[in-house]
1. Residues of the range 251-288 being without any contact (Cβ under 8 Å) to a residue 12 or more places away in the chain and not basic (Lys, Arg), which ones?
2. If you take the residues in the range 111-125 that are touching a residue at least 60 places away in the same chain (Cβ under 8 Å), of a type outside the set (D, E, K, R) and assigned to a loop (DSSP other than H, G, I, E, B), which one is surrounded by the most Cβ atoms within 10 Å (Cβ to Cβ)?
3. Give the range 67-94 a look and list any residue that's over 30 Å from Ser163 (Cα atoms) and not small (Gly, Ala, Ser), or say none.
4. So, Ser191, is that one surrounded by fewer than 22 Cβ atoms within 10 Å (Cβ to Cβ) and either within 19 Å of the chain's Cα centre (by Cα) or assigned by TED's automatic domain parsing to the domain that holds Arg27 (or both) or not?
5. Give the residues of the range 216-250 that are within 24 Å of Ala369 (Cβ to Cβ) and of a type in the set (Asp, Glu), sorted by residue number.
6. Working only within the range 293-318, note down all residues that are of a type outside the set (A, V, I, L, M), touching a residue at least 60 places away in the same chain (Cβ under 8 Å) and in a helix (DSSP H, G or I).
7. So, in the range 208-235, how many residues would count as being in contact with a helix residue (DSSP H, G or I) (Cβ under 7 Å, 6 or more places away or on another chain), more than 18 Å from Glu289 (Cβ to Cβ) and modelled with pLDDT of 95 or more?
8. For the range 127-136, check the following and say yes or no: at least one residue is touching a helix residue (DSSP H, G or I) at 6+ places or on another chain (Cβ under 6 Å), farther than 26 Å from Asp413 by Cβ, modelled with pLDDT of 95 or more and not in a strand (DSSP E or B).
Amino acid sequence: MRTGAKPKVHWVSPLPDAQTDIAHYTRRILPELAEACDLTLWTDARDWDLSLEQICPVRSLDPDRVLPKDFARAGRGTGADAIFVHIGNSWVFHSGLLRLVRRIPSIIVLHDLAIQELCFDAMHNRRFPRDVYEADITRWHGEAGLNAVRDVFDGKTKPIELSKTYPGFELTLDRAAAVLAHTPAAFDAASATGIAPTYHLDLPFRPSDVVVPATRAETGPLRFVQFGYIGPNRRLEQVLEALSPLRHDIDFRFDIMGNVWDPAYLAKRLDTLGLSDRVRIHGFVPEPELDARLAEAHLVFNLRYPTMGEASGSQLRIWNASAPAVVTDLGWYGSLPDETVFKIPLEDEANALQDLVRRLHVDRKIGEAVGAAGRQRLQTHHTPALYADGIVHVARQFATDAAQALKARRARDVLSKGSGRHPLFTTALERRL
């Protein structure tokens, strides 16, 4: 229940029609968020969907020049201006925002803990300075961290591998007034740094007004789906390798909708695995078409490895369709209630996938209870109204949190430079931290 004056919220994020789920997430919650607070959207993109301006103001910013006073001038209402900046793992949408959060106090909305791909792509495209990156990695992780990142620069390993040990989210925290996480793992990791107050809200999704009617065929081929922004960590290649031996005994069709990391390579793999006639790569499709495919699906593949603290907007969409999904038993996915998804271990992934498909082949109804439980979870934990209430709470703490974070940062600066200070002084400051 919201009481008192509405806080002023500045929402700095990719906006529709940007092809990222963070933009879609903003659209999903916008009516409730605009009702709950005095909201202004900000973006460093040149264009955005003009229909957003029917709900709240939209402003353009230069991430290298905008100042806190610029947000205050654009704000409405009274009270402190709470600035939320969204950090994901795509350099296309977040390079500028990464630079921005290193300049001004803000609430860091961590959509991913593992942002090394963002960092390295940004450096490669001259959107972030390498010397600053290396200095920060050294400050957080010492010589071991610096040596690890230089192995990536030298081509000895890849950013996605580096993320397993050094996820990189720490680079966003120096000016953080607070951190907002969407998973328990991200909350714990951000809290452990001690940099700023940390909050946890379940990722939101707007449930359809009416439950999507099940149209899953009781005869004919099993229908499988995977969708979204599909990189190597989404395990699509491993799914195909697990399905290939089953093609002679089980009839199935597999629709892949979204952006795959290497379409040419994937087409070759389909041919090699004998799946070209079973699998169709659609590319991006309109949301109604995607929802219709999910309503038909006997199983949706939503595997992840590595997974570093991110929640899955894809999983929320799957639940909205009351569809059964299979996930990797790790991270946020592993923390989901067992009745809401099929979980499989990474260590025995292929055998577990094949066993699940065989079970579906024998009894297609085993996914119905899983899909129904997922839909119930969506309605009780992930609605935009609940999320908007949480944002209001975090926004109202902004001034207090920012002051606390500033004091802590000044104390850290004194400690880092004060090797000659009296031990009692050092002890006092450490206690403050």
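1. Within the range 251-288, Asp262, Ala264, Tyr265, Asp271, Thr272, Ser276, Asp277, Pro286, Glu287, Pro288 qualify.
2. Within the range 111-125, the match that is surrounded by the most Cβ atoms within 10 Å (Cβ to Cβ) is His111.
3. Result: Leu67, Pro68, Lys69, Asp70, Phe71, Arg73, Arg76, Thr78, Asp81.
4. Criteria met by Ser191.
5. Glu218
6. Across the range 293-318, the qualifying residues are Arg293, Glu296, Gly313, Ser314, Arg317.
7. 1
8. For the range 127-136, residues touching a helix residue (DSSP H, G or I) at 6+ places or on another chain (Cβ under 6 Å), farther than 26 Å from Asp413 by Cβ, modelled with pLDDT of 95 or more and not in a strand (DSSP E or B): present.
The values are calculated or read from the model by the stated rules, or taken from the named source; none is laboratory data. These figures come from a predicted structure and were not determined experimentally. Ideal geometry is used to build each Cβ from the backbone, glycine not excepted, and the neighbour counts take in all protein chains shown.
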